[in-house]
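The values are calculated or read from the model by the stated rules, or taken from the named source; none is laboratory data. These numbers come from a predicted model, not from an experiment. All Cβ positions, glycine included, derive from the backbone under ideal geometry; neighbour counts span all protein chains shown.
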Amino acid sequence: MNVKITINGKLITREVPENRRLLDFLREDLGLKGTKYGCDQGECGACSIILNNKIVTSCIILMAQIPQNSTVLTIEGTDHVLQLIQEKFKEFGAAQCGACTTGMIMAATSLLHLDPKVNQKEIEDGLCGVLCRCTGYTKIYDAVKEAQKQL
Amino acid sequence: MFLVKEFSSEVDSMAVGKRLKRKDADTKVTGEAPYAYDMSFADEQYLAVIRSPYAHARIVNIAIDYKILESLGVVAGTAKDIPGKNILHVILDDWPLLAEKVVRHVGEPVVILVAASLHLAEEARKYVSIEYIEIPAVFDPVEAKDHPTIQIFEENNVCSYWQQKNGDVEKGFAESDIVIENEYRTPAQEHAYIETQGCIAVPQGHDSMTVYGSMQCPFYVQRCVAEILGMEWSKVNIIQTTTGGAFGGKEDVPNQVGSLAALGAWLVRKPVKFLLTREEDIETTSKRHPAVIRYKTGVTKQGELKAIKVEVFLNTGAYATLAPAVLYRAAMHAAGPYRCGNVDVQAYAVTTNLVPFGAFRGFGSPQVIFPGEEQMDRAAESIGMDPSDFRELHILKVGDKTTFGQVIDQSVGLEQTLHKAREQSGWYKKRKPTPTIAQVLEEQKKGKYRRKGIGISTIFYGCFLGAAGKLMSRSGAYVQVEPDGSVRFAVGTTEMGQGMITVLSQIVAEELGIEYEKVYMTPVDTSRVPDSGPTVASRATIMSGRALQDACKQLRTLIYDKVALKYEVDATDIEIKEFQIQEITTQKKLLSVSDAIKLVYQERGQIAVAGWDVAPPTHYDNEKGQGDAYSAYAWCTNIVEVEVDSQIGTVDILNIWAAHDVGKAINPQTLEGQIEGGSLQGLGYGRYEEIIFTPEGRVLSNNLGTYLIPTTKETPKIHSIIVEDPWSGGPYGAKGIGEQPLMGIAPALTNAIANAVGVRLNTIPATPERVWAAIQEKIEEEKV
């Protein structure tokens, strides 16, 4: 099938098998390896990206499920909120092993896009789809809250 | 060597003690840090593994349709195709790379398939048929020990034994007013690192082999690959890729993953990628040993701790792998950080037909700390004492002897951690009398179901490998200054997320008086430094730190000599202060350290040195059950606050206070990261996580939808409390911290549950089902 999709602001037209996963399309076909693999089942959230302004796990989305002319934002993208959160993750030591980090940053970006004034409870709800095994989430909260202050 | 007492971060530090930004953060937040699955090589091939469907079976025949495979371009490999020894060395050499005659657990590798795509390798499975005859299997360690017919390891299935003996335990029980005896069970815990296991083997024909991969212990992999391929060690090079979490799970497993890839690469003479899916990873790789622990404690009404007797049965699964070392730590930590004159610990590691269990943060200690700290609480309860006061009576202080007879003459911060955790949590205010079940039911009648409770644990951690692993307790370092004034260094221990690169860079910056921003660590590569042992046992900061200090000291001398010559001053009268080299007597600044490095370079002086470190001596006499088990000890008090629904058994965790004596916080931010993350993983162990096996010995909870780890929604407020009681052997006084944050959370949690609803658990995790069942049992027992 032919896909027409805007990824990180760039229009991409490609021929792909219908059962190509979005994760593999990003990583293998486009070489956008910042989106990570974690579980194949949408459970861990490491492969989270923003599709049409919604946070999704790219390992359980097939290219055939994506409407034409969709937009995707990945960790490689340019976005004010995304770059701010990346900076705060560095400052607060919110990335440890890094395997969940890009998924977590995308989830936080999506959350603050929707509402920059979310409270602690809403941050917890917004990030609960991404598993982190290193940080105990504490430094991640610190980074997101500091980013909020600057929005 | 740096004098601990003279060093103060506020006054003297250039880098150590500061919250400096992690060295690996830049590429991790952009996703550019290269993990194994992000790498690719020209003409790379993929590997699939055909694994045993049975827990215990004889292999009768392996039929491979080589003709079809050849036409498809698929290459198969069996045990017969291994050019060297079919052994993955860990400790006891009982673990084969590919099963040949017998399979001993579900998921054991039997045949490998290598092809140009993973799809093709998977498709080729149908051209291999393996005929098995099932034989009886055993899954419980108590049952497996001395099993009359099922033999997995030698004659009695016991692959390791350690003991502690102190005084006369029977006399101690005779002198006790109250004796508390229980049998406990702890689960298999999955590491659930977010990056699954993976290695890529790149051959140079049959001449040499390079393996890239996600791992903790490259030198283990180097030896295994060399022995499997029958190559000299010098021809095998291992390069660690960015490692996305490990927690012990990438200690010995990469021996297998890397060797399977290397065998594949050797067979096809092309790069071979072996990346595990999440399900394959959970089903077939190591986990925390499940255990059965029998624990008996004797106390007097006045609160004397008279006797402790423990029997430990670690379920090691099908192969010993790390069990002898894991069991040693279990045995040493079984009686806790207390003074007790009469102790008897008997610990056995028993093989069964489950997946081989292995290293996991805490390394055998969480299995005994849960029962031990439950027993301390039950003892306090039996004599009507506050559990924190009862512990305070018995905890080790400077000059005390451990239950295994080691006098600890310095750096004992346990009391401080207890005081601080108690104070910050508001312990005495929050700690309400534990209700009787009648009181709980009475409240239920009034519509009050939720009750708060607070619990405590006090623990210690024997830093580094200790006497059982002392032969591996070495570390190398290499430091090279560059003509532009920057510094690069290499070590043999690995970064897996814990922050080692950052902390070691701080040590190098401090030692050389160079700006932290100018210090770089090169990726870990077995060709750069000699075998530095494994990155385990919370040892990287200390041992690589000391090796780096050794190297930097040599470099300072080299630099000072050239500066002395040029400025016509005495080389012994030079020091580094605030990134400058100055004369000690006159305090006159001579030049910046960066300029001094340039000077050495221009003068054609030596600008690279190697450092080395060996752990201080330890010795353990297992016949006597006494010895100097570890070089140093870290200490910790955990307090957990919960709210329990007494009607349905759910447990919400409100707060964790985690007070750790680490000797010296080299970087308080990464240290807090270790405490927060470790505490949550410990909470997972106590409250949520349990691998479920089918009656046939297969892992049932094989993905992150059925094996639940804490999400943001289950995470309480975690309060890190740092205590610094320096250890003279550590860099700037530092001790290990990697594992300790996990170890004592489970019992602090179950003790809090007991305080809330008055029931005790002998099994973790504290699922709602278990808490509910314990409440029902108590109602039954007390006939209320």
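Points worth noting:
- The helices (runs of 4 or more DSSP H) falling completely within the range B:659-777 that include 3 or more residues that are farther than 25 Å from B:Asp281 by Cα map to B:668-683, B:745-757.
- Residue list for the range B:599-654, filter: buried (at least 23 other Cβ atoms within 10 Å of the Cβ), more than 23 Å from B:Trp427 (Cβ to Cβ) and among the hydroxyl-bearing types (Ser, Thr, Tyr): B:Tyr620, B:Tyr630, B:Ser631, B:Tyr633
- Pair list, Cβ under 7 Å, 6 or more apart: the range B:112-127 residue closer than 18 Å to B:Ser259 by Cα, other residue surrounded by fewer than 16 Cβ atoms within 10 Å (Cβ to Cβ): B:Leu113/B:Arg125; B:Ala115/B:Gly73
- Some residue of the range A:55-62 being more than 13 Å from chain B (Cβ to nearest Cβ) and over 26 Å from A:Val16 (Cβ atoms): no
- The residues of the range A:35-50 that are surrounded by fewer than 24 Cβ atoms within 10 Å (Cβ to Cβ) and either among the basic types (Lys, Arg) or at the interface with chain B (Cβ under 7 Å from one of its Cβ atoms) (or both), listed by number, are A:Asp40, A:Gln41, A:Glu43.
- Residue within the range B:726-734 that is free of Cβ contacts under 8 Å to residues at least 24 places away in the same chain and away from chain A (no Cβ under 14 Å) present: no
- Restricting the range A:104-125 to residues that are touching a residue at least 60 places away in the same chain (Cβ under 8 Å) and of a type in the set (Gly, Ala, Ser), the residue that is nearest to the other protein chains (Cβ to nearest Cβ): A:Ala107
- Criterion (out of contact with any Cys (no Cβ under 6 Å at 6 or more places or on another chain), crowded, with 21+ Cβ neighbours inside 10 Å and more than 15 Å from B:Asn638 (Cβ to Cβ)) met by exactly one of B:Gly736, B:Gly697, B:Gly686: B:Gly697
- Which listed residue, of B:Val29, B:Val138, B:Val90, is in contact with a His (Cβ under 7 Å, 6 or more places away or on another chain) and not hydroxyl-bearing (Ser, Thr, Tyr): B:Val138
- Odd one out for B:Lys577 among (1) surrounded by 16 or more Cβ atoms within 10 Å (Cβ to Cβ); (2) out of contact with any strand residue (DSSP E or B) (no Cβ under 6 Å at 6 or more places or on another chain); (3) touching a residue at least 40 places away in the same chain (Cβ under 8 Å): (1)
Conditions tested, residue by residue: (1) touching a Leu at 6+ places or on another chain (Cβ under 8 Å); (2) in the same structural domain as B:Lys577 (by TED's automatic domain parsing); (3) modelled with pLDDT under 95.
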| position | (1), (2), (3) |
| --- | --- |
| B:Gly497 | no, yes, no |
| B:Ile501 | no, yes, no |
| B:Leu504 | yes, yes, no |
| B:Val508 | yes, yes, no |
| B:Glu511 | yes, yes, no |
| B:Glu517 | no, yes, no |
| B:Tyr520 | no, yes, no |
| B:Pro523 | no, yes, no |
| B:Ala537 | yes, yes, yes |
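- Inter-residue pairs, beta-carbon under 7 Å, first of a type in the set (Ser, Thr, Tyr) and in the range B:64-83, second assigned to a loop (DSSP other than H, G, I, E, B) and surrounded by 14 or more Cβ atoms within 10 Å (Cβ to Cβ), 6+ apart: B:Thr78/B:Leu98
- If you go through the range B:182-205 and pick out every residue that is part of a strand (DSSP E or B) and within 10 Å of another protein chain (Cβ to nearest Cβ), you end up with 1.
- One residue stands out among those in the range B:12-31 that are among the β-branched types (Val, Ile, Thr) and in a helix (DSSP H, G or I): the one that is farthest from the other protein chains (Cβ to nearest Cβ), which is B:Thr27.
- Residues that are among the charged types (D, E, K, R) and touching a Gly at 6+ places or on another chain (Cβ under 8 Å) within the range B:728-784 comprise B:Lys735, B:Glu739, B:Glu769, B:Arg770, B:Lys778, listed in sequence order.
- Scanning the range A:18-35 for residues being of a type in the set (Lys, Arg), closer than 20 Å to A:Gly129 by Cβ and part of a loop (DSSP other than H, G, I, E, B) gives a total of 0.
- Extreme residue, farthest from the other protein chains (Cβ to nearest Cβ), among residues of the range B:476-501 that are out of contact with any strand residue (DSSP E or B) (no Cβ under 9 Å at 6 or more places or on another chain) and surrounded by fewer than 24 Cβ atoms within 10 Å (Cβ to Cβ): B:Pro483
- Taking the range B:49-153 as the region of interest, the helices (runs of 4 or more DSSP H) fully inside it that hold 2 or more residues being closer than 19 Å to B:Thr352 by Cβ are B:141-144.
- The condition (being more than 11 Å from B:Thr196 (Cβ to Cβ), within 14 Å of chain A (Cβ to nearest Cβ), out of contact with any Pro (no Cβ under 9 Å at 6 or more places or on another chain) and surrounded by 24 or more Cβ atoms within 10 Å (Cβ to Cβ)) is satisfied by just one residue among B:Lys273, B:Lys250: B:Lys273.
- Looking across the range B:520-545, the residues that are buried (at least 24 other Cβ atoms within 10 Å of the Cβ) and not in a loop (DSSP other than H, G, I, E, B) come down to B:Ala540, B:Thr541, B:Ile542, B:Met543, B:Ser544, B:Gly545.
- Qualifying residue in the range B:152-168 (condition: outside the structural domain of B:Ala42 (by TED's automatic domain parsing), surrounded by fewer than 21 Cβ atoms within 10 Å (Cβ to Cβ) and of a type in the set (Gly, Ala, Ser)): yes
- When residues in the range A:36-48 are screened for being at negative phi and in contact with a strand residue (DSSP E or B) (Cβ under 6 Å, 6 or more places away or on another chain), 2 of them pass.
- A:Thr101 more than 11 Å from chain B (Cβ to nearest Cβ) and on the phi < 0 side of the Ramachandran plot: no
- Odd one out for A:Leu62 among (1) closer than 30 Å to A:Asn2 by Cβ; (2) within 15 Å of the chain's Cα centre (by Cα); (3) surrounded by fewer than 18 Cβ atoms within 10 Å (Cβ to Cβ): (2)
- So B:Gln240, is it closer than 16 Å to B:Pro530 by Cα, of a type in the set (S, T, N, Q) and crowded, with 24+ Cβ neighbours inside 10 Å: yes
- Residues of the range A:114-138 classified as more than 17 Å from A:Ile85 (Cα to Cα) and buried (at least 23 other Cβ atoms within 10 Å of the Cβ), total: 4
- Residue in the range B:51-58 that is more than 33 Å from the chain's Cα centre (by Cα) and crowded, with 16+ Cβ neighbours inside 10 Å present: no
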